[in-house]
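Asks: Shown below is the structure under consideration.
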Amino acid sequence: MAVDRSPRGALPALVPSGTRTPLVQRAADALVGRRMRLTGTVYLCLDLSASMADRGKMPQLMRGSVRFFYEAWRRDYAIGLVGFGSTARLLTGATRNPHRFQRCLTGLEPAGRTPMARALRLAAARLRFRRGHRVILLITDGMPDSREETLDAAAAARAAGMTVIAVGTDGADEAFLSALTPRPELARVVVGEAFGDAIGEAAGRLARDRPPPDRPAGPR
């Protein structure tokens with residue numbers, strides 16, 4: 001049985017990191033102190049390559065990621081973050097703590113190439129022993145360093161029982177993103193200001209793609 005520490009019902013409000021006091025932090029910790037069943041876990045793979053510096057993409061990435069966290073939180077998911085630019089790296093493990101999630105988004109800067117395959121493999125490794133619905137949400141504005149390696153990484157994740165969802169913006173190849181997902185409708189490419197909204201709205205696809213409850217999963 002997958003468990004995590006969080007309440008049902010009320011959604012916690014984000015508190016700017018600079019205004020948190022020990023008392024506020026203790027209150028936040030208490031807020032996530034009750035054990036519950038998790039529907040599943042989702043890892044966001046955030047494209048932080050140099051091209052994301054264009055046309056306000058980073059602010060939309062941040063806004064959309066926070067909105068996605070809220071929507072996935074409501075659906076009883078834990079959410080983790082992987083970033084890929086100069087390299088692929090874990091930003092935070094799966095959490096239901098909004099402050100921890102927001103802190104990991106602070107100060108991210110675009111740089112480097114697009115090691116998408118490495119990001120998918122890292123997210124899949126983090127999901128390997130999670131129970132429930134296991135999802136990778138890929139968010140990108142371009143093409144990977146290696147198409148073949150990225151297709152292989154996505155195929156391996158799907159073979160392990162994980163769902164891959166993709167959201168792209170200016171420069172992303174929708175046909176390629178669709179090839180990463182189990183079904184074409186789980187890939188979406190939007191342009192301009194719709195990018196942030198599309199990231200947040202991707203949480204609506206979690207329930208629609210949720211596997212049957214008796215689907216086997218690896219030990220946590």
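The values are calculated or read from the model by the stated rules, or taken from the named source; none is laboratory data. It should be emphasised that the depicted structure is a prediction, and the values quoted were computed from it without experimental measurement. For neighbour counting, all protein chains shown are included, and Cβ atoms are generated from backbone atoms with ideal geometry for every residue, glycine included.
Asks: Which of (1) under 15 Å from the mean Cα position of the chain (by Cα); (2) touching a residue at least 24 places away in the same chain (Cβ under 8 Å); (3) surrounded by 16 or more Cβ atoms within 10 Å (Cβ to Cβ) is the odd one out, the single condition Thr169 does not satisfy?
Replies: (1)
Asks: Tell me whether the stretch 41-53 contains one or more residues that are of a type in the set (S, T, N, Q), surrounded by 15 or more Cβ atoms within 10 Å (Cβ to Cβ) and at pLDDT below 95.
Replies: yes
Asks: Within the stretch 135-161, how many residues are assigned to a loop (DSSP other than H, G, I, E, B), within 21 Å of Gly64 (Cβ to Cβ) and either under 18 Å from the mean Cα position of the chain (by Cα) or not hydrophobic (A, V, I, L, M, F, W, C) (or both)?
Replies: Final tally of qualifying residues: 3.
Asks: Same structure again: Please determine whether any residue of the stretch 92-115 is under 22 Å from Leu186 (Cβ atoms), at pLDDT 95 or above and among the basic types (Lys, Arg).
Replies: Within the stretch 92-115, none of the residues are under 22 Å from Leu186 (Cβ atoms), at pLDDT 95 or above and among the basic types (Lys, Arg).
Asks: Further question on the same structure: Filter the stretch 90-116 down to the residues that are closer than 21 Å to Ala53 by Cα and free of Cβ contacts under 8 Å to residues at least 60 places away in the same chain, then identify the one that is surrounded by the fewest Cβ atoms within 10 Å (Cβ to Cβ).
Replies: Among those that are closer than 21 Å to Ala53 by Cα and free of Cβ contacts under 8 Å to residues at least 60 places away in the same chain, it is Gly107.
Asks: Separate question: Quick check, is Val24 at pLDDT below 50, among the aliphatic types (A, V, I, L, M), over 16 Å from the mean Cα position of the chain (by Cα) and in a loop (DSSP other than H, G, I, E, B)?
Replies: no
Asks: Just to be sure I understand, how many residues within the stretch 61-88 are outside any helix (DSSP H, G or I), under 13 Å from the mean Cα position of the chain (by Cα) and without any contact (Cβ under 8 Å) to a residue 60 or more places away in the chain?
Replies: Summing the residues that are outside any helix (DSSP H, G or I), under 13 Å from the mean Cα position of the chain (by Cα) and without any contact (Cβ under 8 Å) to a residue 60 or more places away in the chain in the stretch 61-88 gives 6.
Asks: Residues in the stretch 116-128: is at least one at pLDDT 95 or above and in a strand (DSSP E or B)?
Replies: Scanning the stretch 116-128, I find no residue that is at pLDDT 95 or above and in a strand (DSSP E or B), so the answer is no.
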